1. Keeping every protein chain in place, order Arg152, Arg160 by accessible area at 1.4 Å, biggest value first, i.e. largest first.
2. Please give the solvent-accessible surface of Val107 in Å², to the nearest 10, using a probe radius of 1.4 Å with every protein chain present.
3. Which percent of Cα pairs goes in each bin when the distances of region 52-126 are cut into 10 angstrom slices starting at zero?
4. Tell me whether region 22-179 comes out rounded, prolate or oblate; compute the Cα gyration tensor, take square roots of the eigenvalues as a ≥ b ≥ c, and use a/c under 1.5 as the rounded threshold.
Amino acid sequence: MIETQAIMSASPEIASADTGGRPRPLPARLTAVRTRPILTVAAIVECGDRYLFVEEQTRAGLRLNQPAGHVEAGESIAAAAVRETLEESAWDVEPVALVGVYHWEAVDRGASFVRFTFAATARCHHPERSLDTGIVRALWLSYDESVTWASRHRSPLVLRSLDDYRSGVRWPLDVIARL
């Protein structure tokens, strides 16, 4: 269940009968500002025994991730994965299945993410294309290399979704209905 966002006021107090009608502070769980989950997408692209990753500059330094990003207004979730993969890796891909939907609380950042991860087939590479700002390079890693470098993953979603993919988890694309 996704928690609703609590509103923080300048004076987080409520009147209470047990304090004679005087205001008393709200419990901390009600005053903490919680953000709504951020909707993101990612693509797992396999070629032989290697998987497409991007190395990106983050606030925490260089990190590894699947091509991933945010869904734009008016864009389908699958189309966002195609666009983000092209922008971050210069690869055109075609989503073939949904691997999973993941919810992650990034406590250190005070953010919450819901990530749709797709299995995708590589169609065409555009080596002349510039990569998104912050993306250092696209690279193909074996599963073992990915595990070895797990401390450099952008989030725990990277390895979890790759493990689900490798174990055969696949959902049809039409499980996501766009109305």
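The values are calculated or read from the model by the stated rules, or taken from the named source; none is laboratory data. Source: prediction; values computed, not measured. In case anyone asks, the SASA skips ligands and DNA or RNA and just uses the protein heavy atoms, side chains included. Shrake-Rupley method; radii C 1.70, N 1.55, O 1.52, S 1.80 Å.
1. Output order, biggest surface exposure first: Arg160, Arg152.
2. 130
3. Going from the shortest bin to the longest, the percentages are 18, 48, 30, 4.
4. Note, shape of region 22-179 comes out prolate.
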